[in-house]
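**Student:** I'd like to ask some things about the structure below.
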Amino acid sequence: MSSLADPALAVAAAVDTSRRLVIKVGSALLVDWETGTVDAGWLTALAADVARLKREGRQVLVVSSGAVALGRRRLGLSLKGRLQLDEKQAAAAAGQSLLMRAWEDAFQPHALVAAQVLLTRDDTEVRRRWLNGRATLSRLLDLGAIPVVNENDTVATEEIRYGDNDRLAARVAQMVRADLLVLLSDVDGLYTADPRHDPAAVHIPVVSRFTAQIEAMAGGANATDGVGSGGMATKVMAARMAQGAGCATLITLGRPSGAEPGPLASLQTGARATLVEPDVTPAAAYKSWIAGSLSLQGELVIDDGAVTALRAGKSLLPTGVRAVVGAFGKGDAVRVIGLDGSEVARGLCAHGADAARALAGLRSDAIEGVLGYAGPAALVHRDDMVLTGLHVLEGAHD
């Protein structure tokens, strides 16, 4: 655990200094499970919170559960108990439009656009799909929209499902290199035991590293109800994933008590939460992953001018490539080497090997004519590259 003297200040600072936030909203918060309808009052308050952050220049993504819960009522399925996979898929299909309508209605008074993004586990783990998903989310953020992400239960099988949106939210945070992941819960953080059953349970304000003891504490806390699918154990798993990606995590109450403001504003005014501190910055974590965690699938041989450009912080454009070695797909990791055979960098190639060979030596404005579509201008973007030859393993181009 951290030795920070005032955890409330640390929590407020985590929100105040974050530039890109992912907020996870569970079904138990968004849906009134007695009626199976959206809790419009609570959602209105959260939307006002998000709108305030946007006015402050932040970028916000929402990972929202609720489609299955809303679809249950629409299809006449019981609101309690587990559904078969095909029933869950049917409920998701029927409820997804209701979920997005609720978010659109909540953001409309603030002139904010809600953009639906449906993902499966493969979309966050298969690099080609990961790159496509990241590009879409990044462009939505640049355009000022609020991506509302949900697991694509309509088409997902058990083998490619997350099963809970806590871990999906952590993967989204990693994908967009968020500074902060906020997991809204029905408990104001991690305790030594379940506080609803053990009056002696002690709140844990800050976690700097996970131990077996801390993970054991999450085993029984915040058990799921008839609507949600995530408990405290899944939140701890999500926080660990985010920590490794350089993203801080806050686990806090989704419904502040009394006359307190919305859940995000309350964090900035002293509300209790558990802060999980990141190991490194998001940029450093991503660069380290590229440099040492990926299996290299091919090589791009570049000329001296391209070497100079990369060392100056530029992306690798097709014009500087002299040869393409190997058979690799879009998003695979490749080694970038100079004409003398020395390694200059490693990165994720935005085109497959065949397309890269067709583009080698050409200007970026020739890409559409060669490929028949307007693909990425860079073979390896500087954000997806680490300069290994100079031992620059993190943050070289940020």
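**Student:** Could you list all residues from the range 303-325 that are modelled with pLDDT under 95 and either at positive phi or open to solvent by less than 20 Å² (accessible area, probe 1.4 Å) (or both)?
**Tutor:** Hit for the range 303-325 is GLY313, nothing else.
**Student:** Count, please, the residues in the range 8-25 that happen to be surrounded by fewer than 21 Cβ atoms within 10 Å (Cβ to Cβ), in contact with a strand residue (DSSP E or B) (Cβ under 6 Å, 6 or more places away or on another chain) and under 14 Å from SER266 (Cα atoms).
**Tutor:** 1
**Student:** Please return the ranges of helices (runs of 4 or more DSSP H) entirely within the range 294-385 where 2 or more residues are farther than 20 Å from GLU125 by Cα and small (Gly, Ala, Ser).
**Tutor:** 304-311, 353-359
**Student:** For the range 267-317, what are the residues that are more than 23 Å from the chain's Cα centre (by Cα) and closer than 25 Å to LYS235 by Cβ?
**Tutor:** THR269, GLY270, ALA271, ARG272, listed by residue number.
**Student:** Just the residues that are more than 16 Å from VAL68 (Cβ to Cβ), free of Cβ contacts under 8 Å to residues at least 12 places away in the same chain and either touching a His at 6+ places or on another chain (Cβ under 9 Å) or not in a helix (DSSP H, G or I) (or both), please, taken from the range 1-33.
**Tutor:** If the condition is that a residue be more than 16 Å from VAL68 (Cβ to Cβ), free of Cβ contacts under 8 Å to residues at least 12 places away in the same chain and either touching a His at 6+ places or on another chain (Cβ under 9 Å) or not in a helix (DSSP H, G or I) (or both), then SER3, ALA5, ASP6 are the ones that fit.
**Student:** From the list ALA45, ALA102, which residue is open to solvent by less than 40 Å² (accessible area, probe 1.4 Å), aliphatic (A, V, I, L, M) and under 27 Å from PRO261 (Cβ atoms)?
**Tutor:** Being open to solvent by less than 40 Å² (accessible area, probe 1.4 Å), aliphatic (A, V, I, L, M) and under 27 Å from PRO261 (Cβ atoms) holds for just one of ALA45, ALA102, which is ALA102.
**Student:** Let me ask something else about it. For residues that are small (Gly, Ala, Ser) and surrounded by 20 or more Cβ atoms within 10 Å (Cβ to Cβ), scanning just the range 81-93, find the one that is nearest to the chain's Cα centre (by Cα).
**Tutor:** So the residue we want is ALA92.
**Student:** Return only the number of the condition from (1) at pLDDT 80 or above; (2) crowded, with 21+ Cβ neighbours inside 10 Å; (3) in a loop (DSSP other than H, G, I, E, B) that VAL227 does not satisfy.
**Tutor:** (1)
**Student:** On to the next question. Being in contact with a Leu (Cβ under 7 Å, 6 or more places away or on another chain) and buried (at least 19 other Cβ atoms within 10 Å of the Cβ) is true for just one of VAL149, VAL50. Which residue is that?
**Tutor:** On the way: VAL50 fails: in contact with a Leu (Cβ under 7 Å, 6 or more places away or on another chain).
Residue meeting the stated conditions: VAL149.
**Student:** Moving on to the next point. I'm trying to understand the selection: among the residues of the range 122-143, which are over 20 Å from ALA333 (Cβ atoms) and touching a residue at least 40 places away in the same chain (Cβ under 8 Å)?
**Tutor:** LEU137, LEU141
**Student:** Yes or no: ALA28 over 29 Å from SER138 (Cβ atoms) and buried (at least 23 other Cβ atoms within 10 Å of the Cβ)? Give the steps one after another, and end with the answer.
**Tutor:** Details: over 29 Å from SER138 (Cβ atoms): yes; buried (at least 23 other Cβ atoms within 10 Å of the Cβ): yes.
Considered against the rule, which asks whether it is over 29 Å from SER138 (Cβ atoms) and buried (at least 23 other Cβ atoms within 10 Å of the Cβ), ALA28 comes out as yes.
**Student:** Restricting to the range 165-203, what's the tally of residues that are open to solvent by less than 10 Å² (accessible area, probe 1.4 Å) and either free of Cβ contacts under 8 Å to residues at least 40 places away in the same chain or of a type in the set (Asp, Glu) (or both)?
**Tutor:** Final tally of qualifying residues: 1.
The values are calculated or read from the model by the stated rules, or taken from the named source; none is laboratory data. Not measured: the values here are computed from a predicted model. Backbone-built Cβ (ideal geometry, glycine too); neighbour counts: all protein chains shown. Remember, those area values only see protein heavy atoms, side chains included, never the ligands or the DNA or RNA. Shrake-Rupley method; radii C 1.70, N 1.55, O 1.52, S 1.80 Å.
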